[in-house]
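Quick notes on the structure that follows.
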Amino acid sequence: MDTIDRREARKDILNMATPVLIELLMGTLFGMVDMIMLGRYGTDSVAAAGISSVGITNQFIFIGLSLVQAFNAGATAMVARYIGSGRHDRIEDIVRHIILLTQVLLVLPMLFFGLFKTNAAMSFLGANSEMIGIGSGYFRVIAMGFLFQAFNFSIFASLRGAGDTRTPMKVNLFVNLFNAIGNAVLIYGLFGFPELGILGAGISTSVAHIIATIILSILLLRKKNIISIDLKKKFKYDKDIIYNLTKIGIPASLEQIALRAGIIIFNRMVSSLGTEAYATHQIAINILRLSFTPGQAFGIAASTVTGRSLGENNSRLAEEYIKISSRLGAMVSLGMGGVFFFFGTALASLYTNSQTIIIGAGEVLKLIAFIQPFQAIQLIVAGGLRGAGDTIWTLVSSFIGILVIRSILTYVFVNILFLGLKGAWTAIFIDQFIRCVLIWGRFRTGKWKYVELR
């Protein structure tokens, strides 16, 4: 195609990104509601420990999910590329391989540490004895739910690679609504159910993942869907699929390991500031996740349309898709940053009655507002690069940004200059800016256009 219809390209991106944005926004909002419920359960000290325990558990689950998502980046890229080139017959084999490999290589180790090394895992992630005492049951239940959550992520990645972002949105909206209602019932003991506190939140969340797995399994067995599995067909090992998954997935997984290692180091330094400061930090992190949604949504859209365009041998269109996605995502993120800057304290007050935590979180949210455009561009362009199968440079940027720059600056700001939580979040701002520059620089080279898949 010699000319590019930018209006049509923008429409294509919005049609793909909007369901993802709605899905992620609502999922994050439901997650915020969950933490708000726990923040208002029991005394201030119990609530702070509960919030902190959820934060510790989330770090563990995010390690697993990040590796799952990284591995599944290969599935998204391959499905998109094969659809672009018209090789639909390859898609079922990709789905079979990604489900099996995810469960064996990633889920089983996470289950081992989550169920049998609970206290050690929580301690490693920065939990003190109070957090472990209150949150260990929650930690185990959430770890069990990870089995189903990982399966769901694999199917969602395949569907998005095929350009179907509406099905993941519908499934996630339904199960998140169920989870929010279930949390209220089991945390507070409504309608005759036992009052289980933080454990009730864990049970509701894991049951929601199981329900999503049941729904997706039913969809998979429908042969009319582009993403489907025929149980009568035997599994056949395919070395080309393994090669592609390895080529894309290993650098992406190493990127996530670097990312999560940096976050663990960061959180351990923040947790040294005390339970109250860590609870403030977790509230800020919980709200920050809301700000990830534009970058993630347009990044997923960029990944799909980039892979599809390269499958059609149209690298110019792929480049234009990434540029348009970046502009749209940055605009949404700037608007969100304005909300954080002017209404941060009001948002924080939804989580707790503690004025110290509310004021501290409000100050941090002003910093988060300035992070927004750099964060969005970095996430979106990285998504486009992954869709092309170029995951090496995203690994390099994450290693330099979060594992090196953020860790060193956090240590300096917190332990030497004694700037407290604001110092730690200043380090995040600098890290995001550097990663944005590195990722954009890689995109400008154009080398990502020539990554080949078998």
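Altogether, the Stokes-Einstein calculation at 25 °C and 0.890 mPa s, with the Kirkwood radius of region 306-387 over Cα pairs as Rh, returns a diffusion coefficient of 170 µm²/s.
In a simple Cβ point-charge model (Lys, Arg +1; Asp, Glu -1; nothing else charged), the chain has a dipole of about 1100 debye relative to its Cα centre. Pairs with C-alpha atoms separated by more than 29 Å, drawn from the list Lys366/Lys447; Lys11/Lys447; Lys11/Lys170; Lys117/Lys239; Lys239/Lys449; Lys11/Lys449, are Lys366/Lys447; Lys117/Lys239. Shape summary: region 396-443 maps onto an equivalent ellipsoid whose semi-axes, from the alpha-carbon gyration tensor, are 23, 9, 5 Å in decreasing order. Candidate cross-link partners of Lys232 among the lysines, defined by an alpha-carbon separation under 17 Å and a same-chain spacing of 8 or more, comprise Lys223, Lys224. Here's the list of aspartates and glutamates a cross-link from Lys323 could span, going by alpha-carbon distance under 17 Å and ignoring same-chain residues fewer than 8 apart: Asp5, Glu8, Asp12, Asp390. Take the Cβ-Cβ distance between Asp5 and Arg166 as r, set R0 to 25 Å, and report the resulting FRET efficiency rounded to the nearest 0.05. Efficiency for this residue pair is about 0.60. In whole percent, what relative contact order does region 314-454 give with Cα contacts below 8 Å and a gap of six or more residues? Relative contact order here is 27 percent.
Site pair Lys447 and Ile218 shows an inter-label distance of 4.9 nm when each label is modelled 7 Å from Cα along Cα→Cβ. Other residues whose C-beta falls under 13 angstrom from the C-beta of Met110 contribute a net charge of +3, scoring Lys and Arg +1 and Asp and Glu -1. Rounded to the nearest 0.05, the FRET efficiency derived from the C-beta distance between Phe341 and Leu177 at R0 = 30 Å is 0.50. Using a probe radius of 1.4 angstrom, the carbon and sulfur fraction of the accessible surface of the chain is 66%. Peptides 101-112, 427-438 ranked from most to least packed by the mean count of surrounding Cβ atoms within 10 Å: 427-438, 101-112. Based on the alpha carbons, how large is the Rg to Rh ratio for region 177-249 when Rh follows Kirkwood? Looking at region 177-249, the ratio lands at 1.25. Dividing the radius of gyration of the alpha carbons in region 191-326 by their Kirkwood radius gives 1.06 for Rg/Rh. Across the options Gly84, Ser66, Leu328, the greatest Cα extent toward the positive end of the charge dipole of the chain (unit charges at beta carbon of Lys, Arg, Asp, Glu) belongs to Gly84.
By how many degrees, between 0 and 90 and to the nearest 10, does the Cα long axis of helix 198-220 differ from the longest principal axis of the chain? With both axes taken from Cα atoms, the answer is about 10 degrees.
Looking at the chain, the accessible area is 41 square angstrom per residue; that uses a 1.4 Å probe and ignores ligands, DNA and RNA. One chain, two ends: Thr356 and Leu334. Fully extended at 0.36 nm per residue, the span grows by 5.2 nm beyond their Cα-Cα distance. Each 5 Å bin, from zero up to the one with the longest distance, holds this percent of the alpha carbon pairs of region 306-454: 2, 10, 15, 16, 16, 14, 10, 7, 5, 3, 1, 0.
Add +1 for every Lys or Arg and -1 for every Asp or Glu among the other residues with Cβ under 12 Å from the Cβ of Ser52, and state the total. Spelling it out: positives minus negatives among the neighbours equals -2. Other residues within the sphere of radius under 12 Å centred on the Cβ of Leu395, judged by their own Cβ, net out at +1 (K and R +1, D and E -1). Using the alpha-carbon atoms, what tilt in degrees (0 to 90, nearest 10) does helix 239-271 show relative to the longest principal axis of the chain? That works out to roughly 20 degrees. Seen against the Cα atoms of the chain and their longest principal axis, helix 315-349 is set at about 10 degrees. When the Cα positions of Ile132, Asn172, Leu159 are compared along the charge dipole of region 44-203, Leu159 comes out farthest toward the positive end, with charges on each C-beta of Lys, Arg, Asp and Glu. Under the simplified labelling scheme, the Phe191-Ala120 pair shows an inter-label distance of 4.1 nm, with each label point 7 Å from Cα along Cα→Cβ.
Only protein heavy atoms count here; under a 1.4 Å probe, Phe298 has an accessible surface of about 10 Å². In this calculation the C-beta distance from Asn415 to Ile36 is compared with R0 = 41 Å, giving a FRET efficiency of 0.80.
Between Ile250 and Asn15, the modelled label-to-label distance comes to 3.8 nm, taking each label 7 Å out from Cα in the direction of the beta carbon.
Taking all Cα-Cα distances within the chain, those exceeding 28 Å account for 49%.
The values are calculated or read from the model by the stated rules, or taken from the named source; none is laboratory data. Everything numeric in this text was worked out from a predicted model, so none of it was measured. All Cβ positions, even for glycine, are placed from backbone atoms using ideal geometry, and neighbour counts span all protein chains on display. Quick note on the areas: whole protein, heavy atoms, side chains included, nothing else; ligands and nucleic acids left out. Shrake-Rupley method; radii C 1.70, N 1.55, O 1.52, S 1.80 Å.
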